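Just so you know, all these numbers are worked out from the coordinates, no wet-lab data involved. Just so we're clear, the structure is a prediction, and the values are computed from it rather than from any experiment. Here Cβ is always computed from backbone atoms with ideal geometry, including for glycine, and neighbour counts include all displayed protein chains.
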Amino acid sequence: MDIREQIRTAISDLPDTEKVIVLSIIMDAIIEKTRDIRQDARRMCNIPIKSIDSFPGHPFYVDDDENMVDLVNSIRKYGMLTPGAVRIKEDGRYELLSGHRRLRACQLAGLDRFRCEVLDLSHEEATTFMIEANRQRLRLRPTEKGMVYSLHEELNEDRLEDQLFRIEPQDNMKTIGKLKRLDHLIPELKDLVDRCGC
């Protein structure tokens, strides 16, 4: 007998008002247990960098620029203050969801391990997490925004959205359409667009 049948049998003789109370107690217990399971699923590890793969189609750039030099120096001096986030792939390797710049900085600093949180997420949940974690950056390039909008649309094509997903409050449907088209440009044109901030 599955759990639904067990619940139906257990409450079948109760008056309707008591059924509602019992079902409410069961739902509270399920929610609390789910929260505990999710909390346990989030664990911190120091993973060998060679075991971590980039997220496929990761839309954000990682530049070896002046900011990267500062990050490398900070990691050498203080260690990694903010952990990255990964999920375990089917082949046992890890997929990087958040912390691509920090991972690169650790490599440049000569570290062989990366401190990160290991999350138990489906591909769809991982894509959403990766978008949201990177959306919190101070400034995204136009082509990065285009790739994020394209990924979000692909992820949610079968779902009805209650409200428009926006990276920035001023982004409207027309702007979002233009940004998504940037994703189809050749790399040289993408670089040109990002340099001039068009």
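How would you classify the stretch 25-132 from its alpha-carbon gyration tensor, with a ≥ b ≥ c the square roots of the eigenvalues: rounded for a/c under 1.5, else prolate if a/b is greater than b/c, otherwise oblate?
Taking the square roots of the gyration eigenvalues as a ≥ b ≥ c, the stretch 25-132 is prolate.
Could you tell me what percent of the DSSP beta bridges with both partners in the stretch 40-121 are antiparallel, to the nearest 5?
60
As a check on your grasp of the helix formula, calculate [θ] at 222 nm for the chain: sum -39500 (n - 2.57) over DSSP H runs of n ≥ 4, divide by the residue count, round to the nearest 500.
Result for the chain, helices only: -16500 deg cm²/dmol.
So, by mean Cβ neighbours within 10 angstrom, what's the order for 98-110, 17-29 with the highest one leading?
Per-residue mean Cβ counts within 10 Å order the peptides as 98-110, 17-29.
Give me a comma-separated list of calculated 3J(HN,Hα) values for the stretch 84-95, in order, Karplus coefficients 6.51, -1.76, 1.60 applied at θ = phi - 60°, integers in Hz, x for any Gly or Pro.
x, 9, 9, 10, 7, 8, 4, 7, x, 7, 10, 10
May I ask you to work out the translational diffusion coefficient for the chain at 20 °C, viscosity 1.002 mPa s, via Stokes-Einstein with Rh from the Kirkwood sum over Cα pairs, reported in whole µm²/s?
Approximately 107 µm²/s, per Stokes-Einstein.
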